[in-house]
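Structure, as structure tokens:
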Amino acid sequence: MSVPPPSASELFVKKLLKVADVSVDGTRPQDIRVYNDAFYARVIADGSLGLGESYMDKLWDANHLDAFFEKVIRANLERHVKLNRHTLLALIRANLTNMQTRARAKHVARKHYDESGVLPDAILDPYNQYTCAYFRDGTENLNQAQEKKLDLICRKLQLKKEDRVLDIGCGWGGFAKYASKHIGCSVTGISISEEQIKYARNFCKGLPVEIRHCDYRDLEGMYDKVLTCGMVEHVGKKNYRTLFKIIHDHLSDNGLYLLHTIGSNTSTSIVDPFMDKYIFPNGMLPSQEQISHAANGLFILQDAQNLGKHYDPTLMAWNENFRKNWSSIADRYDERFRRMFEYYLLSCAGAFRAGAMQLWQMVFSKNRNVMDYRGPR
């Protein structure tokens, strides 16, 4: 039986992959294996969404997904592919509507935090940190690296026992527990995820910690130190200024605000279509320009640090935990979910390795507060 000639879609995709030094059926870490030729047409038609969904559907595999994505992203293959309908629709929606309203903000809380039971126990550290760790001083251990990150935040905020601390988007209460235990300060954490609130209240029981169900737009009270760690990615460009104004109004005159966020190299209105559909609906990564505009006239930037290189090992450690602990949660999820979550973690690891995303920590003070700030490293 003769083998049919390759389709135009197959020829085009293989040509693109060659630009990125990726081969089909190769043996190198970045190479892939295609099990169904429908893969090629889906990638052309649906771009990154088609790439991710075809992986979930077992149309292809990679020897190492993180290495594949590092190669593809470094080669900037997007410039060879026309805007597909998913990206175009996301761009129109982001510019015509506010994708991070109160109602839409609850959608990501339900989608990724309330409905996904894999977190925190299956992949995270004892402090439930779902943000970049700090692999400083040679440590390769995720638990140690997350404690180093929490210690770094406390030192940058110059926390004292008498401080009133606010953690906006407090997650499962890890920072609140660490800061209250090690510094002795009182911490108020706010979240709109019912599951996170329930978990955090129990996790911080017996400590000077209050966990509230509260949208940042409904904030009350005054605080000496404010933290947003992995929260601004859910705020959206149309709301950055609102968030900064609210923090300014609820921060004492001598207070400090620490922003810990994944950052985009360029100002944009949209997130990757796969991430938007399956991981973080309505998410958006801020750029330096957008952060500066939001802070203009409200805050002075006292310190800035790029921790982007630490996110690659963080994501690889999360994926290893996910792989090792899959059997403990497999009765709740199917194989398609497992491949979706694996794809998410390893594609992001490759993206950080390729420098496509950054992780910034910025410390701000109010504009009336002139200080000699020396941020720890």
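Numerical summary
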item	result
Meets criteria (in a helix (DSSP H, G or I), touching a helix residue (DSSP H, G or I) at 6+ places or on another chain (Cβ under 8 Å), surrounded by 15 or more Cβ atoms within 10 Å (Cβ to Cβ) and touching a residue at least 40 places away in the same chain (Cβ under 8 Å)) for residue 258	no
Matching residues in the stretch 210-237 - criterion: being assigned to a loop (DSSP other than H, G, I, E, B), among the acidic types (Asp, Glu) and either under 19 Å from residue 283 (Cβ atoms) or within 23 Å of the chain's Cα centre (by Cα) (or both)	215
Total residues in the stretch 317-345, condition out of contact with any Phe, Trp or Tyr (no Cβ under 9 Å at 6 or more places or on another chain) and under 24 Å from residue 49 (Cβ atoms)	4
Residue check for residue 188: buried (at least 21 other Cβ atoms within 10 Å of the Cβ), farther than 26 Å from residue 357 by Cβ, in contact (Cβ under 8 Å) with a residue 24 or more places away in the chain and among the polar types (S, T, N, Q)	yes
Residue list for the stretch 357-377, restricted to those being modelled with pLDDT under 95 and among the aliphatic types (A, V, I, L, M)	370, 371
Restricting the stretch 322-377 to residues that are of a type in the set (S, T, N, Q) and surrounded by 13 or more Cβ atoms within 10 Å (Cβ to Cβ), the residue that is nearest to residue 70 (Cα to Cα)	347
Residue check for residue 365: farther than 25 Å from residue 75 by Cβ and in a helix (DSSP H, G or I)	no
Hey, residue 249 more than 23 Å from the chain's Cα centre (by Cα) and either surrounded by fewer than 16 Cβ atoms within 10 Å (Cβ to Cβ) or not assigned by TED's automatic domain parsing to the domain that holds residue 344 (or both) or not	yes
Counted residues, the stretch 1-30 - those being crowded, with 17+ Cβ neighbours inside 10 Å and free of Cβ contacts under 8 Å to residues at least 12 places away in the same chain	0
So residue 355, is it within 25 Å of residue 31 (Cβ to Cβ) and in a loop (DSSP other than H, G, I, E, B)	yes
Sole exception among (1) surrounded by fewer than 24 Cβ atoms within 10 Å (Cβ to Cβ); (2) in a helix (DSSP H, G or I) for residue 207, by number	(2)
Residue within the stretch 296-307 that is in contact (Cβ under 8 Å) with a residue 40 or more places away in the chain and under 15 Å from the mean Cα position of the chain (by Cα) present	yes
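The values are calculated or read from the model by the stated rules, or taken from the named source; none is laboratory data. Quick caveat, the model's predicted, so the values are computed rather than measured. Here the Cβ is made from the backbone with ideal geometry for all residues, glycine too, and neighbour counts use every protein chain on show.
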